[in-house]
Each structure stands twice: as C-alpha cells, then as structure tokens.
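None of the figures in this text is laboratory data; all of them are computed from the coordinates on show. Just so it is clear, the structure is predicted and the values come from calculations on it, not from any experiment. A quick note on method: Cβ atoms are made from the backbone with ideal geometry, for glycine too, and the neighbour counts reach across all protein chains shown.
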Amino acid sequence: MDLELIRELQAYGFFALVVFLVVVLYSYWFHLYRSEKTGRRNYEKYADLALHDEISDRVLEQNKRSA
C-alpha cells in the first residue's frame, strides 16, 4: 500500500463517519421533537430542573421501580 491509497481510504472513512454522525444527530433530534409533540415527554420540565435543584424541591418523575 502506498501513501496515496492510505490517504484516500482515510478521506473516504472520514466522510462516511461524518455522514453517519449527521444521520444519528438528526434522528435523535427527530425523536426528541416527536416525543415532545405527542406528549410523551415534556422537556421544558427538565430544562426547569436547573433552576429548581434543591434537595427539598419536588421530584420531577417517580421512578416505577422505587415506588
């Protein structure tokens, strides 16, 4: 294998990795968007957790295993 072939394979691998990561990112974004719209999750409630993080504050969700 000469150096030119190795660099070409490296470029194709990098391009494939970038395309794969873009697909994963957009599918995760779509999952978050769809679960917010269908009402399965309320992510604004989780964003509010940064403001209400004291030990005496109420719990966001009850864990089904500990209830």
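Backbone geometry of the range 15-25 corresponds, through the Karplus equation with coefficients 6.51, -1.76 and 1.60 at θ = phi - 60°, to 3J(HN,Hα) couplings of 4, 5, 5, 5, 5, 4, 5, 5, 5, 5, 5 Hz, x marking Gly and Pro.
Here the label points at LEU60 and ASN42, each 7 Å from Cα along the C-beta direction, are separated by 1.2 nm in the simple model.
Quote the Stokes-Einstein diffusion coefficient, in whole µm² s⁻¹, for the chain, based on the Kirkwood radius over alpha carbon pairs, a temperature of 4 °C and a viscosity of 1.567 mPa s. All intermediate terms of the calculation are to be shown ahead of the outcome.
On the way: Rh = 16.2 Å.
Value of D from the Cα-based Kirkwood radius: 80 µm²/s.
Based on the Cβ-Cβ distance of MET1 and TYR33, what FRET efficiency does E = 1/(1 + (r/R0)^6) give at R0 = 35 Å, to the nearest 0.05?
On the way: r = 45 Å, r/R0 = 1.27.
It comes out at approximately 0.20.
Dipole size of the chain about its Cα centre, with +1 on Lys/Arg Cβ and -1 on Asp/Glu Cβ: approximately 520 debye, rounded to the nearest 20.
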